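These notes are about the structure you will find just below.
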């Protein structure tokens, strides 16, 4: 796990929040895995977004554990009604209880639990846990990123693809627009702390916990490759 012993962006709360997030993610992943490939009720929200009772159960566990331990932090989750009181809070949990519900319901293993802690619109803690493949990504701002406790040193990018950039399996990844905070925040920090970058295609930083939580076209890649991609898009738009 990334070293939380030194003072960091969360000050004296850093070690507490690292331990809280780690333990809670493990329990959330275990719950999701226990319900995986079982007969679940599921339905569609909006135009085509699937939701299952597993999404709700994992969301409830995360919310109960994280919010009870940090009552002064805000909450933004794909599976919770949006409480805009989060906009006045410096620190906010941003949650996707099951990222990849469609694959989860189909019995595929390409899904994960994704949680980030955002401070002043930027992620400072991030965890992405894929329990079906026993992969646990974790990052602390300024302290690096790990996969199953092995440090991620270099990237070669939405959902688990961005974490694949962080571990070097993908050279780059793009999001085509209309991704939400909960799709991005955890992977953003993991990529960044693995010596990569994730921004808009024009190179602007991604800001979280704003009133509008959707984003346009994004790119993630290792720092040098990312700079080349952004430069290409800048010239193509002139």
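What follows draws every value from the coordinates through simple rules; no lab data is involved. Keep in mind the model is a prediction, meaning the values are calculated, not measured. Cβ placement follows ideal geometry from the backbone for every residue including glycine, while neighbour counts extend to all protein chains displayed.
List of remarks:
- Our helix-only sum for the chain, with -39,500 (n - 2.57) per DSSP H run of n ≥ 4 divided by its residues, gives a mean residue ellipticity at 222 nm of -10500 deg cm²/dmol.
- Theoretical FRET efficiency, 1/(1+(r/R0)^6), r = Cβ-Cβ of residue 34 and residue 85, R0 35 Å, to 0.05: 0.60
- Gain on full extension, evaluated as 0.36 nm per residue between residue 15 and residue 120 minus their Cα-Cα distance, stands at 35.9 nm.
- DSSP-defined antiparallel bridges as percent of all bridges, the range 39-149, nearest 5: 90 percent
- Between the beta carbons of residue 211 and residue 43, assuming R0 = 30 Å, the FRET efficiency works out to 0.65 to the nearest 0.05.
- Pairwise centroid distance, computed over Cα atoms, of the range 39-81 with the range 211-229, Å: 26 Å
- Modelled FRET efficiency - R0 30 Å, residue 60 with residue 174, Cβ distances, 0.05 increments: 0.35
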